[in-house]
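Okay, structure first, notes after.
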Amino acid sequence: MTAKARKLFSFLCLGLFAFALIGYGEEQKADLYAPVYNKPLSAQPLKDVLSRIIEFPFKLIKWPTDKGIIYTEQHRLDKKTKWIYEQSLKQGVKPLFGFTDLSALPFFGAEFNLLTLARQKEKYPDLFATTTLLYCPSVFFSIGSEIGAQKIGGTGFHTKGLFSYDRQQKEPFYGIGPHTSMGDSTSYRLTTTRVGAAAGYEFSPTIDLDAGFDYRKENILNRAHDGKGDIRSIFAGQNIPGIGGDDLLDYSLVLGRDTRDSKDEATKGSYQKLLFQFTDSVKGTSARFFKYQIDMAKYFQLASPRRILVTRLFAEHNEKIDHGEVPFYDMAKLGGAGANARDSETERAFVYNRFYGQSALLLNLEYRYTVMEYKEFKLKTAFFSDTGEVFGKIHQFRVVDLQESYGIGFYLSYARNTLLNFSVAHGNEGTRFYVKNKLAF
Amino acid sequence: MNMKLKKIKLAHQALAFVILGFGVFGLTGLAMAGETVKFKESESSFYSDLFDQNVYSEGVNQLDLGRWGRKLFGKELSSKDVNVFDEVPDSGFFTNRQGREKLSREALEKGYQETSGPDLSKPLEVLAAEQRGIYPRFWVRDARGDEYLLEFDPQGNMELVTGAEIIASRFYYALGYTVPQFTILSIKPGQFQVASQATTWEDTGFKKTLSQKRFEEYLMVLPQNAEGLYRASACKIMKGDYHGTFSFESRRKDDPADLVNHRDRREIRTLGIFAAWLNHYDLRASDTLDMSVEKNGQIEMKHYLTDFNGALGSTQEGPKGPMLGYEYAIDYGETIKSILALGFREKPWQKKWRLAGEKKQTFPAVGYFTNEFFTPADYKTEFPYEAFRLVTRADGFWAAKLLMSFSEEDIRAMVKAGQYREAKDAEVIAKILIERRDMIVRYWLSRVNPLDGFSLSGGKLSFKDLAIDYGMASKEGNVYHVEVMNDGRKGKIAQSEAKTPGIDIRPEWIPAKGETRIIFRVSRASTKTVSPAVTVLLNAAGVQGIRHED
């Protein structure tokens, strides 16, 4: 028993010795994931003191912004706003919003679809009756109504009657002709009341012919603005036809063709509009003229829908007839971004209504290319040039009188609807900035 | 004399006040120490995340002098939460799972599971609903009393969203992140019962009572399979106290365990790499969740990643848009480049889109997910988190190592969790993920020192060359440059070279006190450059530390 114990003890000792020998030069297996650090973990600021001081004023903005955004999202205010807008459309009220060229002031209003409001649209799907109200504080107020039928008896015939009242508080005026000066400026108040009717035929979804007849009452009210005098004193000695206002009759014929893939953000196609109009005074004044107008644009894809070259030609000539005259407010006008219905035509380095003339010729070239796309959002950059001139008779057109604008624009859109148009243009009268929610063409 | 007395009296009074102040402060401190930790709710939302990352941080980061300094001098900001072995210890953010020990195929497929999914022995009680676009999602309670969030596939893309969500949850869990339980649920229309107090957030933005009729209208827009079953991903609502989301930038100041700014946490930084692997473009801080739970009498904060339906080829609305993963929601760099190129620069995603014939899908269940024009370095999540940009080579190596711990079969096992009807859908996804894993790993291993697994045995320090082990470098023509330094002292003790992964450690290199630093660099016949360094700290007991160069 003792010998056995001794043997066992010897084996144990031998085992321990062998174990010790094998273990020499072996590392003790460490836990690679143990929380053992070179330096104890300690809370440290994200940035150095100076950077934090520089950031501090911005943090003051960040906090309320974040809170506002989170509140908006938590209460789904964005969705609620969208829903209210959609419901409003569904009920027959379309909210309108935009920016005028003048001082980039916002305007707002609504288009009321009277048949929808009266719950009669489903019963008379081809009829329409709308009233539009627009207001821009201290710039303009307008209200207009149209009633008509889109497709008479399922054919392409259409007709409408219209009434409108428009009050422009501050229409700029710099004189007539290509050689006017920015220094000789004033503005006038213009109210236009119009009653008319139109009928036409839609040959196809892209071609339409429209004939119209209007009675128009134009009231001119002089008004000094920005410390400058009355229109009559500023331009004393000059013949400004129509300065006393007038009652006019317009007879017009418009042929339109539009093959664009989108009216707001076209990437291909073209549009052409030819207008012929005869205007005569019913007050016995000398206002009597023909108006010829061409407005056409083509959208070329440069091997990609992301690169678009737009060329636009606008030409207008007002021909006096029977010793008549063209009232100055009916003359061709150039200047501004041209994105609103009543604006003068696009000549972006010049102020709105900068040039008045019996005739006008304008060529717009714009290269638009997409620089950012994210889901339905798109940002485009545009380089543009607007070259135009107002003149009297056609033979009075001079190449040297052409006015040049060039610039750059950034257009942000969502699902092909322009949300923001920020443009800057430069010409020989300086640089102008525009913020709009529409494109010029 | 009187004045002097007054002054002394005043000094005494001041001293008394100071002592009293200290006393009150101390008592308050003691009282506070006795209290349990109270966490604030940290708020974040999609739009606030968009503003904070794409607008605020992009601007304010330009005013960070430290950032400019690092850029100017080419200095990297090391991760702060790595241990002496250059690994990330377990925390409320991360638990070493596959990295520590390979998980079984069953465990990989199963992911994090508390239950087998909603108990359908009784109809699911619909507690609430939310309409997003046209599709709804439901909060339900099952027979066991557990609550789940059910999300469905869009029409025409059965299995796309649900599959992506389940698969991504398996990957994130296996990688080590904290995720809720996700399971696939196939359910008949009759297995729902609308609770009497149920409400719904309509897409109009208004909250309404959820009627049976409205619920049935919701069901009508959801796709059903041939057996008339709806397929949903069921996310189990976690138990615990909710504390909002966690930031990818700063730490929670109300959590004493959260000492490292999240921007400086390796597991947060490398989320960008894992998101690239899983094509998880909408990995956002606003889609995270902080929950506190009691464990062994201690309150612990768990930081969850949730919402994975933007992974693989999917988005919540259907197949991914072509630009997702390639550009931030507002990408200033890309936009400026495009402006300067005057429209004549075709971005990689645009070329891919053109070559794909502008079609989003070949397989409706897979969506828009391929590896063409995928470059690991250029992958972008929806928002530009600074943490993802701060990834160093050491962080990238850690992530690459973790990625390579998943074998092809492991990946297939996790994809299997998507329960696709067509085997080819699962195979397509697995194949893309395997290829993408290799692309990411190849990218990082080409930039780092790929030596790892250092161990001292029999007087020899052996290690693994992971580039060779992963088949990304040839076994021939490799030279391992070794410099032996005495820790704490300048100057080399020795210098040598080895052609195989391992060096003999001479006894004189090991100091009686302290450690020896052994610096390894690798040069290969295929490349003319020498790799960055990896430093190993060694003493008689063995390897005491490893640090890969940032």
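Here is how the numbers come out for the structure above:
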quantity	calculated
Residues satisfying the stated conditions in the stretch B:261-286, i.e. among the small types (Gly, Ala, Ser), within 13 Å of chain A (Cβ to nearest Cβ) and under 12 Å from the mean Cα position of the chain (by Cα)	B:Ala285
Near pairs, Cβ below 6 angstrom, 6+ apart or cross-chain, from the stretch A:179-204 (within 21 Å of A:Lys151 (Cβ to Cβ)) to any residue that is β-branched (Val, Ile, Thr)	A:Ala199/A:Thr159
Selected residue [part of a strand (DSSP E or B), buried (at least 20 other Cβ atoms within 10 Å of the Cβ), in contact with a Leu (Cβ under 9 Å, 6 or more places away or on another chain) and aromatic (Phe, Trp, Tyr)] from A:Tyr329, A:Tyr369, A:Tyr352	A:Tyr369
Any hit, the stretch B:133-143, residues being outside any strand (DSSP E or B), in contact (Cβ under 8 Å) with a residue 24 or more places away in the chain, crowded, with 20+ Cβ neighbours inside 10 Å and outside the structural domain of B:Gly396 (by TED's automatic domain parsing)	yes
Per-region count, the stretch B:287-314, residues within 13 Å of chain A (Cβ to nearest Cβ) and surrounded by fewer than 23 Cβ atoms within 10 Å (Cβ to Cβ)	0
Meets criteria (of a type in the set (Lys, Arg) and either more than 21 Å from A:Phe99 (Cα to Cα) or loosely packed, with under 15 Cβ neighbours inside 10 Å (or both)) for A:Lys375	yes
Residue check, B:Val415 closer than 29 Å to B:Glu76 by Cα and surrounded by 15 or more Cβ atoms within 10 Å (Cβ to Cβ)	no
Matching residues, the stretch A:193-205, being out of contact with any Lys or Arg (no Cβ under 6 Å at 6 or more places or on another chain) and either hydroxyl-bearing (Ser, Thr, Tyr) or in a strand (DSSP E or B) (or both)	A:Val195, A:Gly196, A:Ala197, A:Ala199, A:Gly200, A:Tyr201, A:Glu202, A:Phe203, A:Ser204
Selection within the stretch B:449-495 - within 13 Å of chain A (Cβ to nearest Cβ) and in contact with a helix residue (DSSP H, G or I) (Cβ under 6 Å, 6 or more places away or on another chain)	B:Asp452
Residue match in the stretch B:432-453 (condition: of a type in the set (Gly, Ala, Ser), over 29 Å from B:Lys80 (Cβ atoms) and surrounded by 15 or more Cβ atoms within 10 Å (Cβ to Cβ))	no
Among the candidates B:Pro189, B:Pro118, B:Pro180, residue that is touching a Cys at 6+ places or on another chain (Cβ under 6 Å) and either in the same structural domain as B:Asp307 (by TED's automatic domain parsing) or not acidic (Asp, Glu) (or both)	B:Pro180
The listed residue being among the aliphatic types (A, V, I, L, M), outside any loop (DSSP other than H, G, I, E, B) and at pLDDT 90 or above, out of A:Leu274, A:Leu221	A:Leu274
Out of B:Glu358, B:Glu372, sole residue that is within 14 Å of chain A (Cβ to nearest Cβ) and either of a type in the set (Asp, Glu) or crowded, with 17+ Cβ neighbours inside 10 Å (or both)	B:Glu358
Qualifying position, being away from every other protein chain (no Cβ under 14 Å) and either in contact with a strand residue (DSSP E or B) (Cβ under 7 Å, 6 or more places away or on another chain) or under 27 Å from A:Val139 (Cα atoms) (or both), among A:Arg348, A:Arg307	A:Arg348
Complete set of residues in the stretch A:31-42 that are facing chain B (nearest Cβ under 7 Å) and exposed (fewer than 12 other Cβ atoms within 10 Å of the Cβ)	A:Asn38, A:Ser42
Residue in the stretch A:73-96 that is more than 10 Å from chain B (Cβ to nearest Cβ) and small (Gly, Ala, Ser) present	yes
Residue check, A:Ala110 aliphatic (A, V, I, L, M), in contact with a Phe, Trp or Tyr (Cβ under 9 Å, 6 or more places away or on another chain) and surrounded by 12 or more Cβ atoms within 10 Å (Cβ to Cβ)	no
Total residues in the stretch B:69-82, condition within 13 Å of chain A (Cβ to nearest Cβ) and acidic (Asp, Glu)	1
Only listed residue being buried (at least 18 other Cβ atoms within 10 Å of the Cβ), facing chain A (nearest Cβ under 10 Å) and of a type in the set (Phe, Trp, Tyr), chosen from B:Phe85, B:Phe93	B:Phe85
Qualifying residue in the stretch A:373-395 (condition: in contact with a strand residue (DSSP E or B) (Cβ under 6 Å, 6 or more places away or on another chain), more than 11 Å from chain B (Cβ to nearest Cβ) and part of a loop (DSSP other than H, G, I, E, B))	no
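The values are calculated or read from the model by the stated rules, or taken from the named source; none is laboratory data. Note that the structure is predicted; figures quoted are calculated from it, not measured. Ideal geometry is used to build each Cβ from the backbone, glycine not excepted, and the neighbour counts take in all protein chains shown.
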